[in-house]
1. Checking residue B:59 against (1) open to solvent by 10 Å² or more (accessible area, probe 1.4 Å); (2) in contact (Cβ under 8 Å) with a residue 40 or more places away in the chain; (3) out of contact with any strand residue (DSSP E or B) (no Cβ under 8 Å at 6 or more places or on another chain), which test does it fail?
2. Just the residues that are open to solvent by less than 40 Å² (accessible area, probe 1.4 Å), within 18 Å of residue A:135 (Cα to Cα) and more than 8 Å from chain A (Cβ to nearest Cβ), please, taken from the stretch B:92-108.
3. Residue by residue through the stretch A:121-144, note down the ones that are in contact (Cβ under 8 Å) with a residue 24 or more places away in the chain and open to solvent by 30 Å² or more (accessible area, probe 1.4 Å).
4. Can you name the number of the only condition in (1) within 14 Å of chain A (Cβ to nearest Cβ); (2) at pLDDT 95 or above that residue B:152 fails?
5. Among the residues of the stretch B:329-353, write down those that are modelled with pLDDT of 90 or more and part of a loop (DSSP other than H, G, I, E, B).
6. Look through B:34, B:28 and report the one residue that is within 19 Å of the chain's Cα centre (by Cα) and in a loop (DSSP other than H, G, I, E, B).
7. Scan (1) among the aliphatic types (A, V, I, L, M); (2) within 14 Å of chain A (Cβ to nearest Cβ); (3) in contact (Cβ under 8 Å) with a residue 60 or more places away in the chain for the single condition residue B:180 breaks and write down its number.
8. Are there helices (runs of 4 or more DSSP H) fully within the stretch A:108-221 with at least 1 residues that are away from every other protein chain (no Cβ under 14 Å) and more than 17 Å from the chain's Cα centre (by Cα)? List them.
Amino acid sequence: MDWYPLINSLRIAAISSVIVFFAGIFCAYYVAKLPRVLKGVLDVVLTLPLVLPPTVVGYFLLLIFGVQRPVGMWLDTIGIRFVMTWYGGVITAAVVAFPLMYRTARGAFESFDSTLAYSGQTLGLSNSFIFWRIRMPYCRQGILAGTVLAFARALGEYGATSMLIGYTPGRTATISTSVYQYWRTGDDRSAMIWVLVNLAISAVVLLTVNLLEKKQRGGAR
Amino acid sequence: MSLVVDIKKRLGDFCLDVSFTAEDGIMGILGPSGCGKSMTLRCIAGVERPDEGHIELDGVTLFDSVGRVNLRPQERRVGYLFQNYALFPNMTVRQNILCGLRSEPDRAKRERELARYVELMQLGGLEGHYPAQLSGGQQQRVALARILVNRPKLLMLDEPFSALDSHLREKLLVEMKGILEGYGGVSLAVTHSRDEAYDLCSTIALMQNGSIHTLKPTKQLFADPGTVAGAAMTGCKNFSRAKKLGEYELEALDWGIRLTTARPVPEDVTHVGIRAHYFSPGCKQNNYPVTLTGSIEEPFEDIVCFRWKSQPGGTPDLWWRIPKQFRPQGVTKDYALGIAPANVLALRDTNLK
């Protein structure tokens, strides 16, 4: 049994979740402060990957990172290639999962009581202290939910991933692309194993979230 | 110390245009909700930016649109007690108060200050509690401790008692007065309650539609509000159009009576006001016959509605507030009420609503 797809999927999901965590929070925080028109436009752009078919996202990513394209060619000269490599999967997973983090974080920030920030400022607290020690803990529920959703989505990403990095056993194979490949080649037993693995991971993730939420509700009382 | 404010800010249809100077002591800003009281405090604190103007505290310019000065809220040394107290919910009482001491580098001194204010605000034993575990009054004291340890040059209170039960209010009013007097610097208290303003403040600014139209020492303001709006805001219920007759005499046109005053009647008098408490059957001055038209019973007082016998039709009834035990029993139609000349308020301004 080759466990490469599991390891590959987990590292792609983990790394892209970290990227999406910071990028989502950063965008959620700053977009909320922009003037209304710009906010509306950026909001649409940042949410698009959520509603576009993943294959369309994959197509766009190929337009950018394809080795015949300017960006892709330039990256190639410094030794980075996102096409047909496992870290290309990090890019696709991050792009597809980003809107989930961005939107939940924005919802959480919008529910933040801004007088808390104001009172912190009048007490002389720095803006970064207010952000990390007051705003983030206040919004932790939403941010945690966003992170988990993003992780789950990154783990299950198929369409854009298959277009940008394809399926190469031992090099770019992920759980979801493996399931498709095994099913396509008639290897139902292997497909079923990966389906069960996927189910197990998803169940563990959801269970963890529920436990964390329960613990938090208990602690807040 | 003194605070000088002269700012303008436009928000849609609403225009804030405030200018005043406050000295040491407690100044109240009294006005209906939505008149711009809180926005004024926010501009002084620096969390809102006025369109133009000048704010100066203790000789330091906090904001000046011409000189392009706009200090960050962190640099203004302004203590702001928010209506909901704005305690950080994820921090204990101790951590909340220590937030006001973060600029103090000496750890031992931080602990000393913390202990001093915990003692002063009667918060002993609550240091490890979270805000959600405290009563409204305790939350208010934590918020005050957090502000006072930060040694602000100006203290601003936004509706400090509105989040409290009414029976706690009076007790905390007394406490708050003591705390503010102990603080000693300039304090601004925003409120829509004339009772709170009267109890707490040495001077009162009356604010309406975004600007301050009257600023007087409290006692003087209540004795002689000067304007119709001022009289209404300080609780005067009975108004009539008025015409000057002599140095100490005016005619109440809507009531059909002549009234003698204790203070000289201004040339431009337009109205006369009489507070509901100030009618007296025993007073021989300004005494005229009345017809009682109805009454409303309250726990300790009655409100009696009446009309002067000579009152023309189409004018509203007057209100007379009287403690229950003094309410005339078996009143028939013939009754007369007098008003001491000192309680006849000669008023200017016509925007009676």
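The values are calculated or read from the model by the stated rules, or taken from the named source; none is laboratory data. Keep in mind it's a predicted model, so treat the numbers as computed, not measured. All Cβ positions, even for glycine, are placed from backbone atoms using ideal geometry, and neighbour counts span all protein chains on display. These accessible areas exclude ligands, DNA and RNA; they are computed on the full protein's heavy atoms, side chains included. Shrake-Rupley method; radii C 1.70, N 1.55, O 1.52, S 1.80 Å.
1. Among (1) open to solvent by 10 Å² or more (accessible area, probe 1.4 Å); (2) in contact (Cβ under 8 Å) with a residue 40 or more places away in the chain; (3) out of contact with any strand residue (DSSP E or B) (no Cβ under 8 Å at 6 or more places or on another chain), residue B:59 violates only (2).
2. Within the stretch B:92-108, B:92, B:93, B:96, B:97, B:98 qualify.
3. A:135, A:138, A:140, A:141, A:144
4. Tallying (1) within 14 Å of chain A (Cβ to nearest Cβ); (2) at pLDDT 95 or above, residue B:152 fails exactly one: (2).
5. Hits for the stretch B:329-353 are B:339, B:340, B:344.
6. One residue alone meets the criteria, B:34.
7. (2)
8. Passing ranges, in order: A:159-164, A:175-184, A:188-220.
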